[in-house]
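Take a look at the structure set out below.
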Amino acid sequence: MTKFSKIALCALIIGSSAFFTSCDDTEETKAPVELTLYQKLGGTKMVTDPNDSSKKIEQGRLSFRSVVDTTIVLIVADIVQDKPGNFGAHFAPLASEVFGPDMNATNVARLSKNLTDIFSVATGGAATNTYSGLDMVTTHDPAKNPRMGKKVNDAEMTKFIGYVGMAAAKNGVTDQKIIGEVVAVLESLRAPIVQE
Ligand code: HEM
């Protein structure tokens, strides 16, 4: 290659990279893609399951499962301490299974799984999570679901959302924007759940 053609080639390469850089600049002016809540909480990235180190779990699902399990603990703690407005009457059928002679925790585990599924599906994780529990009206109607001890009223629904907020904070979710989005998802389910 002659000296001239080498210089010409270099000029061409520099020129074309400047062209592509300017294309990138145009891309940057596009509106950023908004992440789903599921993605903001870790999405589909696989991590070791802290409950079973031989298994992997999606970080988004793990975030919800942690918040769900802490929510259940907070609800049970208030029942055990007989705090005013506790959900003892609602959870009486499940409690009698757990504290009965068989100490059967199957339906508590089912509750944790189904709550984790419904939160994951409702927040953008539907491609990798499936909710297979009862619909929200049937679940929360004691006439149709024998594991539901009492109907839910508006104040109890608000208290439940407060439990979820506390559970989120206990699991390190403190970003107010993210908490606001979680609350909005829960609020979207208020109508079918509140039946009293
Ligand atoms: C947005 C708020 C809520 C959501 C998303 C929700 C969702 C669910 C789901 C998915 C289940 C399991 C359904 C199944 O196993 O087929 C369930 C069960 C239950 N929920 Fe809720 N719930 C909410 C609020 C409440 C509130 C406020 C109470 C009571 C104060 C309550 C009491 C119960 C009880 C006692 C069960 C156990 C019934 C069973 O094992 O089938 N829930 N809920």
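Each reported figure results from applying straightforward, stated rules to the coordinates on display, with no laboratory input. Quantities reported herein were computed from a predicted structural model and do not represent experimental measurements. Glycine gets a Cβ as well: all are built from the backbone with ideal geometry, and neighbour counts include every protein chain shown.
Taking only complete DSSP H runs, can you tell me which helices of the chain stretch 15 Å or more along their own long axis by Cα positions and average at least -0.5 on the Kyte-Doolittle scale? Correct list, ordered by number: 3-28, 59-80, 106-120, 154-170, 176-187. For segment 152-196, backbone nitrogen atoms closer than 18 Å to the point 7 Å from residue 107 Cα along Cα-to-C-beta are found at 152. Contact order for segment 35-131, expressed relative to its length and based on alpha carbon pairs under 8 Å spaced 6+ residues apart, stands at 30 percent. Here the extension length gained between residue 195 and residue 52 equals 47.7 nm, from 0.36 nm per residue of separation less the Cα-Cα distance. Percent of C-alpha pairs per 5 Å bin in segment 52-135, short distances first: 3, 13, 19, 22, 18, 13, 9, 3, 0.
Where the eigenvalues come from the Cα gyration tensor of segment 86-182, what are the semi-axes √(5λ) of the equivalent ellipsoid, largest first, in whole Å?
Semi-axes, largest first: 25, 17, 15 Å.
Every helix of 4 or more DSSP H residues in the chain counts as -39500 (n - 2.57), and over all residues that averages to -18500 deg cm²/dmol at 222 nm.
A Stokes-Einstein calculation at 20 °C with viscosity 1.002 mPa s, built on the Kirkwood radius of the chain over Cα pairs, returns a diffusion coefficient of 107 µm²/s.
Once backbone amide H atoms are built at 1.01 Å from N, residue 152 has 195, 196 as its partners under 5 Å, excluding neighbours fewer than 5 places away on the same chain.
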